[in-house]
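**Student:** To start, I am sharing the structure in question, which I have written as structure tokens.
The values are calculated or read from the model by the stated rules, or taken from the named source; none is laboratory data. This structure is a prediction, so every number in the text was calculated from the model and none was measured. Neighbour counts are summed over all protein chains in view; Cβ atoms, including those assigned to glycine, are modelled from backbone coordinates with ideal geometry. Just so you know, the surface numbers come from the protein's heavy atoms only, side chains and all, with ligands and any DNA or RNA stripped out. Shrake-Rupley method; radii C 1.70, N 1.55, O 1.52, S 1.80 Å.
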Amino acid sequence: MPEFLYLRKESHVAVCPLGIIACVGAGVVYHACVGRNSGRCHLFSEQLERPKTILRGKIMKRTKIKALLNAESAMPEIVVKGWVRTKRDSKGFSFLELNDGSCLKNIQTVIDHTPEIEAELAKIGTGASVAIEGELVESPGKGQKWEVRGKSLKMLGEADPETFPLQKKRHSDEFLRGIAHLRPRTNKFGAMFRIRSELAQAIHKFFAEKDFFYIHTPILTGSDCEGAGEMFRVSSLEHGTKAPIEEDFFGKPAHLTVSGQLEAEMFSLALGDVYTFGPTFRAENSNTPRHVAEFWMIEPEMAFADLSDDMDLGEEMIKYTVQHILDNCADDVELFGKWVDKTLMPTLDTLLKNEFIRLPYTEAIEILKKTKKKFEYPVEWGMDLQTEHERFLCEEKFKQPLYVYDYPKTIKPFYMRLNDDDNTVAAMDCLVPRIGEIIGGSQREERLDVLHARMKEMDLPEEEYWWYLDSRRFGTVPHAGFGLGFERLLMLVTGVSNIRDAIPFPRTPNHLEF
RNA sequence: UCCCCAGUAGCUCAAUCGGCAGAGCGAGUGGCUGUUAACCACUAAGUUCGCGGUUCAAGUCCGUGCUGGGGAGCCA
């Protein structure tokens, strides 16, 4: 897409309200259209008598800073656009360091002073956006291989230094959370969200290579009894109305999904191996560094699979995606290893090199009972593991990721498969250092009679689940799956300690800004 | 939702026993220099989170509300 028109001296330029550049020279009308492949602009065609789609001179496209820094050789004519990170003035020339988000590093530009350029420079401070036309040359200074020698400079958008909140210094995470709309312009959050993008791609790549199908499960749900936590009500009625539920959009209560699992199961029992990857909503009033009300979750579901296959998949997936980020986001990850968590690299290294520990719940309880460490909550078979127990197992006892599996049936949901002991279910949690539970999964109960009995035990209304139960009536098969919190995986990869720094605009109780 | 800690300049923080509101960074101005989170000098910058109380006197003590952080529960 042409964005910048290189003009000869005799050319004249006009810019239409849509950002279209027309070039008029020697009595012939030429024009180029910004943002179009064709170079033809119909709006302008009407205004000009003899429209032609021939360009005079050469179209100059913005080159991303990442490409400039990776250049093999000098480049005679380039345009670089970005935000000023720092400006350093000298007598007769200035340095501008530009970042355009394409990578962590800035590019240094050097521009000799002319009256026009000095006027433009006077308006430019940290945070301003600029376009610079010039050449990429080897830098005579230390600290960088390449720099841009600018010939022209245009300020695109100013940033008043008196009010622009980002300064040329480190800011606290808490402060930056208050300006979540500007924080991606910092090194740390730019790196975070590049990694986030790459991590999402890695997940799709992982599943594609394993022939899993990507299923889009609904975000609006009619079942308010999925048992995975408090749900957000959705309504098209005015707030405070007393209208009966029949008058609401769906004619019955609607909520935002807390999990795509039940729907994913239906597709697993048709396409074999499937996964979902989408937003999930929990209306829990939990205020911790590991919880947000809106987060992204990956939920694979495999037909003809058991709990062991399930744990294999989770381990493989975590290792694959972590390795992918190390391979493809080296600079960005290095920033986190250096400034955020000094133990990040060793932690990831341990994770990659060792097999995840697989520990039955009953054995976990025995270990916890035997240890000298005093816990606030006494250890008893049948209770759920508390945070202090999980941390002890993961961070002190084994010092690496581990699965705990075969939990008591009394503390797990109805859909988990009952084991032969009649006391435990084929459930598994994957615990990782510092974060705790990153995966929760199970083999699903595929036997209709057992499922019936479990639902009765737990007092669930079977009529709500008629379609779910159908899957066990017609060609049921053993199957298993899990849910993995995307932001928690991102915390693992980057070492950040607060989940609100791993999602662009975090939603938590009483926080719906931006 | 419960427990603990904090809130002072744009940012990060200091201010002794209740006794004149401070520093670094950032910003502005001037200077200097192929500079590297540049450097040097000067300048401006405050409802000490809000409300109420105790006191001759409150950033400091008490009550209360709000905001932020940490821990717990719940979970991914």
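**Student:** Amide H to amide H, which residues 5 or more places from A:Gly82 or on other chains are under 5 Å from it, using H placed in the peptide plane?
**Tutor:** For A:Gly82, whose amide H was placed from the backbone, the distant partners under 5 Å are A:Val130.
**Student:** State whether region A:122-207 is rounded, prolate or oblate according to the following rule on the C-alpha gyration tensor (a ≥ b ≥ c being the square roots of its eigenvalues): a/c under 1.5 gives rounded; otherwise a/b larger than b/c gives prolate, and the remaining case gives oblate.
**Tutor:** Values: a/c = 2.13, a/b = 1.25, b/c = 1.71.
Oblate, because a/c is 1.5 or more while a/b does not exceed b/c.
**Student:** If you roll a 1.4 Å probe over region A:65-157 with all protein chains in place, what percent of the accessible area is carbon or sulfur? All intermediate terms of the calculation are to be shown ahead of the outcome.
**Tutor:** On the way: 2420 of 4490 Å².
About 54 percent, which is the carbon plus sulfur part of the accessible surface.
**Student:** Put +1 on the Cβ of every Lys and Arg and -1 on every Asp and Glu Cβ in chain A; which of A:Ala71, A:Pro253, A:Phe414 then has its Cα farthest towards the positive end of the dipole?
**Tutor:** Value: A:Ala71.
**Student:** About the Cα centre of chain A, how large is the charge dipole given +1 on each Lys and Arg Cβ and -1 on each Asp and Glu Cβ? Please answer in debye to the nearest 20.
**Tutor:** It works out to roughly 3000 debye.
**Student:** If you don't mind, there's one more thing I want to ask. Kyte-Doolittle mean at least -0.5 and Cα extent at least 18 Å along the axis: which DSSP H helices of chain A qualify?
**Tutor:** On the way: long enough: A:187-209 (32 Å, -0.09); A:307-328 (31 Å, -0.45).
What comes out of the filter, once short or polar helices are dropped, is A:187-209, A:307-328.
**Student:** If the cut-off is a Cα-Cα distance under 15 Å, which aspartates and glutamates reach A:Lys369, setting aside same-chain residues fewer than 8 apart in sequence?
**Tutor:** List returned: A:Glu380, A:Asp384, A:Glu388, A:Glu390, A:Glu396.
**Student:** Convert each backbone phi in region A:142-154 into a coupling constant with the Karplus relation 6.51 cos²θ - 1.76 cosθ + 1.60 (shift: θ = phi - 60°), then list the ³J(HN,Hα) values in order as whole Hz, x for Gly and Pro.
**Tutor:** Using θ = phi - 60°, the values come out as 8, x, 7, 7, 10, 8, 9, 8, x, 9, 9, 9, 10 Hz.
**Student:** Can you give the charge dipole size of region A:65-157 about its Cα centre, rounded to the nearest 20 debye, using +1 on the beta carbon of Lys and Arg and -1 on the beta carbon of Asp and Glu?
**Tutor:** 340 debye
**Student:** List, in order, the whole-Hz ³J(HN,Hα) value for each residue of region A:371-384 obtained from phi through the Karplus relation with A = 6.51, B = -1.76, C = 1.60 and θ = phi - 60°; use x for Gly and Pro.
**Tutor:** 5, 6, 4, 8, 10, 5, 9, x, 8, 9, 4, x, 8, 7
**Student:** May I pose another question? For the pairs A:Lys210/A:Lys353; A:Lys61/A:Lys142; A:Lys373/A:Lys409; A:Lys242/A:Lys412; A:Lys64/A:Lys168, note any where the Cα-Cα span goes beyond 25 Å.
**Tutor:** Details: A:Lys210/A:Lys353 22 Å; A:Lys61/A:Lys142 28 Å; A:Lys373/A:Lys409 27 Å; A:Lys242/A:Lys412 37 Å; A:Lys64/A:Lys168 22 Å.
Pairs exceeding the cut-off: A:Lys61/A:Lys142; A:Lys373/A:Lys409; A:Lys242/A:Lys412.
**Student:** Just to check I understand the Karplus step: with θ = phi - 60° and J = 6.51 cos²θ - 1.76 cosθ + 1.60, what whole-Hz values come out for region A:429-435, glycine and proline as x?
**Tutor:** Using θ = phi - 60°, the values come out as 10, 9, 10, 10, x, 6, 9 Hz.
**Student:** Work out the length of the dipole vector of region A:266-404 about its Cα centre, built from +1 on the beta-carbon of each Lys and Arg and -1 on the beta-carbon of each Asp and Glu, and round it to the nearest 20 debye. Write out the running numbers ahead of the final one.
**Tutor:** Details: 15 positive and 27 negative charges, 163 e Å.
So the magnitude is around 780 debye.
**Student:** Can you give the calculated 222 nm mean residue ellipticity of chain A, where each DSSP H run of n ≥ 4 adds -39,500 (n - 2.57) and the sum is split over every residue, rounded to the nearest 500 deg cm²/dmol?
**Tutor:** -8000 deg cm²/dmol
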